[in-house]
1. Out of curiosity, is residue 112 at pLDDT 95 or above and outside the structural domain of residue 193 (by TED's automatic domain parsing)?
2. Based on this model, can you work out whether residue 69 counts as among the acidic types (Asp, Glu) and touching an Asp or Glu at 6+ places or on another chain (Cβ under 7 Å)?
3. Filter segment 48-80 down to the residues that are of a type in the set (A, V, I, L, M) and either free of Cβ contacts under 8 Å to residues at least 12 places away in the same chain or not assigned by TED's automatic domain parsing to the domain that holds residue 36 (or both) and list them by number.
4. Working only within segment 140-165, note down all residues that are in contact with a strand residue (DSSP E or B) (Cβ under 7 Å, 6 or more places away or on another chain), touching a residue at least 40 places away in the same chain (Cβ under 8 Å) and in a loop (DSSP other than H, G, I, E, B).
5. At pLDDT 90 or above, at negative phi and surrounded by fewer than 16 Cβ atoms within 10 Å (Cβ to Cβ): which single residue out of 202, 131, 163, 226 fits that description?
6. Check off (1) in a loop (DSSP other than H, G, I, E, B); (2) in contact with a Ser or Thr (Cβ under 9 Å, 6 or more places away or on another chain); (3) assigned by TED's automatic domain parsing to the domain that holds residue 182; (4) not hydroxyl-bearing (Ser, Thr, Tyr) for residue 230 and give me the number that stays unchecked.
7. Do any helices (runs of 4 or more DSSP H) entirely within segment 1-101 hold 3 or more residues that are more than 22 Å from the chain's Cα centre (by Cα) and under 30 Å from residue 199 (Cα atoms), and if so, which?
Amino acid sequence: MDKNKQQTISPGLYLVSTPIGNMEDITLRAINILKKSNIILCEDTRRSAKLISNFQIQNKLLAYHKFNEKKIADKIIENLKKNKIISLISDAGTPAISDPGIILVNKCITEKIKVYPVPGPSSVTSAVSISGFRDQYLFFGFLKKKENEINDIFKNLSDLNYSLVFFIPAIKINSYISKLKKYFSDRKILIAREMTKMHEESIRCEVKDINNFKDNLRGELTIVLSEKIKGKNDKKEIAESVKIEIIKMLKKYSHKDVVEYICKKENLSKKIVYNFCLKQKK
């Protein structure tokens, strides 16, 4: 790139995406901004030191993580008010996406300090792009640890017919498999691990067919669930008891609401229930 055509870097906070594995994935713009930053905020200074050293960046690193972000956020704001250029990076991927950064971003918004995104690697979009699933997806992030919370989350999400993306520590994957089968048996799954690295792996199957892993996996897994597999397990006929229930419901609820409710409850295709409701209306 012609140096005269490089983007002007104004004072403010820059959220700089960094490689999720392969160092070559960093962008030229990210390198340029990091080199011109007065301070680079990072989760782990030892890990980030390897990154900036690889690209001959010699700027000051300052630890910024979930344990100290509330404590030092005001100090960072003071520096930004002095027209400093400050970059925020995470250990890998895009800052503030299941990583520290939201507190600082909101303080900048409140103080009317400019916040700039520097797009780049993301395990979320990387996994969705190779999944083969619908590109209308919902990203949840890291799952809760308590069993009752996980059940509530999965129950609420199971009715949403979109692709779903989660982060799961690899060492805990087996503890989630039975719950995935319980709530998402009508979907496919992609388990992406070590993305962009030497031992990159994509595990694909239907959720109902996945088994516990015998060997301990390492790192973090990006899990992508497909939209529901249409019609595969739908019943072909409406039971007499269900017909009676539909007739009663049509007296109180709309045609559309009855179809939605019965289809989910009885695992029936919308076409069959819709046609039956239509006959009752005539």
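1. yes
2. No, not satisfied.
3. 72
4. 162
5. Criteria check complete, one pass: 202.
6. (3)
7. Output list reads 28-36, 45-54.
The values are calculated or read from the model by the stated rules, or taken from the named source; none is laboratory data. This is a predicted model, so every value here is computed, not measured. Here Cβ is always computed from backbone atoms with ideal geometry, including for glycine, and neighbour counts include all displayed protein chains.
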